[in-house]
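Working notes, structure below.
Each reported figure results from applying straightforward, stated rules to the coordinates on display, with no laboratory input. Every value quoted in this text rests on a predicted model; they were computed, and no experiment measured them. Positions of Cβ are backbone-derived with ideal geometry, glycine not excepted, and every protein chain shown enters the neighbour counts.
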Amino acid sequence: MVKAILVDDEKNSRDALRQLITRYCPQIQIIAEADGYVSARNILEQQRPDVIFLDVQMPDGSGFQLLESLNNIDFEIVFTTAFDQYAIQAIKFSALDYLLKPIDIEELRTTVDKILKVRQMPSINKKVEVLLQSLKFPEKFPNRIVLHTSDTIHVVDANNIIRCESDDYYTRFFFSDQTTLMVSKTLKEVEELLNPHSFVRVHKSHLVNTQYIRGYNRQDGGVLILSDGSRIPVSRRKRESIHELLDGFDIQI
């Protein structure tokens, strides 16, 4: 069983989440509940959960402040929050999970499945570090994101990613230093993660960083030429938008 703690200042929210977990996620055992920063801190001094479902905003301190107060984090974290674009973007960059309130059953199941798969992953302290640094100094680390492979957590600069290529439920990243990285995220998930940066989806299997585009060949239906010499096909439905994008780059098409 996966031991969980629920942290939320709203009793109705805790009740709703507890009912969903009890009914749809039998692998999760709720061992404690907290109604705020202070009570959660006290519980964590006594209990060692496998995961905490953590509200972002609470009257006596935020979920982020709770994490910052801990010396070591050896449990998974799932944030539960109403829509907050700034907080959600920081959470995405750190590769931590979140659920939007009101919580959807299928999203909860997907998140729990992910927790079960990553329990043997390395410590998540690095993810939390990236999250807190991103929240504190957004101007200092505007492009830093976290990617994890089967045995390593990688902190990378999005500007160094040339392109991403789908491989079923995985995505391969190609970097400017000629290295590659295979990550267990779909290309759709990666597209959402890199949305604030200069990336564009040009094909169902390809996402490219526009700063590395060096040319466009109309032959074979349209092919982008990138700085590393790779030739990326442009899908039929993406051609018009890509033409408009490249017109602004002063690239011969």
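Quick rundown of the values:
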item: In sequence order, calculated HN-Hα J values of region 204-210 (Karplus, 6.51, -1.76, 1.60; Hz; x Gly/Pro); result: 4, 10, 9, 10, 10, 8, 4
item: Integer Hz, Karplus 6.51/-1.76/1.60 couplings in order for region 15-27, x for Gly and Pro; result: 4, 5, 5, 4, 5, 5, 5, 4, 7, 10, 10, x, 6
item: Spin-label pair Gln219/Arg109, simplified geometry with 7 Å Cα→Cβ offset, distance in nm; result: 4.9
item: Computed FRET value (nearest 0.05) for Ile31 with Asn143, which takes r as the C-beta separation and R₀ as 45 Å; result: 0.70
item: Residues with amide H under 5 Å from that of Thr80, placed H, sequence gap 5 or more; result: Leu54, Asp55, Val56, Leu99
item: Placed amide H near Asp60: partners under 5 Å, 5+ positions off or other chain; result: Tyr37
item: Pairs from Lys11/Lys204; Lys11/Lys188; Lys117/Lys238; Lys3/Lys101 whose Cα-Cα separation, in the structure shown, is over 32 Å; result: Lys11/Lys204; Lys11/Lys188; Lys117/Lys238
item: Residue-wise HN-Hα coupling along region 183-191, computed from phi with Karplus coefficients 6.51, -1.76, 1.60 (Hz; x: Gly, Pro); result: 10, 7, 9, 6, 5, 5, 5, 5, 4
